[in-house]
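Have a look at the structure below, then the notes.
Laboratory data are not the source of any read-out in this text; all were calculated from the coordinates shown. Please read these numbers as outputs of a predicted model, since none were measured by experiment. FYI the Cβ positions are ideal-geometry reconstructions off the backbone, even for glycines, and counts take in every protein chain you see.
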Amino acid sequence: MKKKVKAIICIAVTVVIVVISAYVLKTANQNYLYSTYPLKYQDEVNAASEKYGVSKGLIYGVIKTESNFNPTARSGAEAVGLMQITEDTFIWLQTYYKDENDYTFEDLEDPGVNIDYGVHLLSILSDMYEDEETMLCAYNGGLGNVDEWLADERYSSDGKTLKKVPFPETDNYRKTVTQNESIYNRLYFSDESSGD
């Protein structure tokens with residue numbers, strides 16, 4: 001009888017240890033995810049999301065991918081800031097703002113300016129392309145390239161979505177942003193992404 005009681009106690013202790021260990025690992029993993037996928041610049045992101053109708057998960061996915069939240073980031077192509085906007089794109093976007101502001105290209109290092117311009121660009125591209133991944137390819141690879149790919153049967157069977165992306169960097173970019181967006185939605189915006 002004593003052996004049975006000892007065995008039951010050993011099993012119970014083992015179960016408790018396993019449950020506690022699983023909880024500790026889950027908590028550590030959650031803490032790691034929250035620190036790796038932070039909600040920086042919330043005021044700016046919330047304002048731009050509401051102004052342009054772009055989901056916060058997508059905005060954070062782009063920022064995480066483009067600059068990893070470094071407001072002074074510069075790429076080899078001289079793209080600037082959190083959402084990595086080039087000077088040509090900045091000049092083009094200025095035509096949408098008309099006389100609303102007198103920002104210069106250097107102002108894109110300001111998080112509020114950069115996020116506003118970047119999210120505005122996402123909303124413009126979203127109106128042009130029905131498919132989010134195609135829109136992300138245009139954000140990274142340029143409208144001209146995406147329009148050419150959509151017209152080419154090797155890359156698009158319907159002229160609206162891309163079945164293949166010929167630029168490896170752009171292909172990886174769309175996958176990374178989509179993955180980051182999914183993680184942000186799961187961590188912070190599950191109600192918004194499900195439409196509830």
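What ³J(HN,Hα) values, in whole Hz, does the Karplus curve 6.51 cos²θ - 1.76 cosθ + 1.60 give for region 160-176 when θ = phi - 60°, with x put for Gly and Pro?
10, 10, 9, 8, 8, 10, x, 8, x, 4, 5, 4, 5, 4, 4, 5, 5
So who's got an amide H within less than 5 Å of the one on residue 85, skipping anything under 5 residues away but keeping other chains? H placed 1.01 Å off N, in plane.
80
Tell me the volume per residue, in Å³, of the convex hull enclosing the alpha carbons of region 43-147.
97
Given the peptides 143-149, 79-85, 93-99, 115-121, arrange them by the average over their residues of other C-beta atoms within 10 Å, most packed first.
79-85, 115-121, 143-149, 93-99
Compute the convex hull volume of the Cα atoms of region 29-92, divide it by the residue count, and report the result per residue in Å³ as a whole number.
For region 29-92, the hull spanned by Cα atoms encloses 95 Å³ per residue.
Which loop-located trypsin sites (Lys or Arg not before Pro) does region 112-196 contain, where loop means any DSSP state but H, G, I, E or B and the Cβ has at most 14 other Cβ atoms within 10 Å?
154, 160, 163, 164
Got a sec? How would 51, 3 order by Cβ neighbour count within 10 Å, fewest to most?
Ranked by crowding around the Cβ, least crowded first: 3, 51.
What nm value, rounded to one decimal, do you get for the distance between residue 147 and residue 133 when each label is placed 7 Å out toward the C-beta?
2.4
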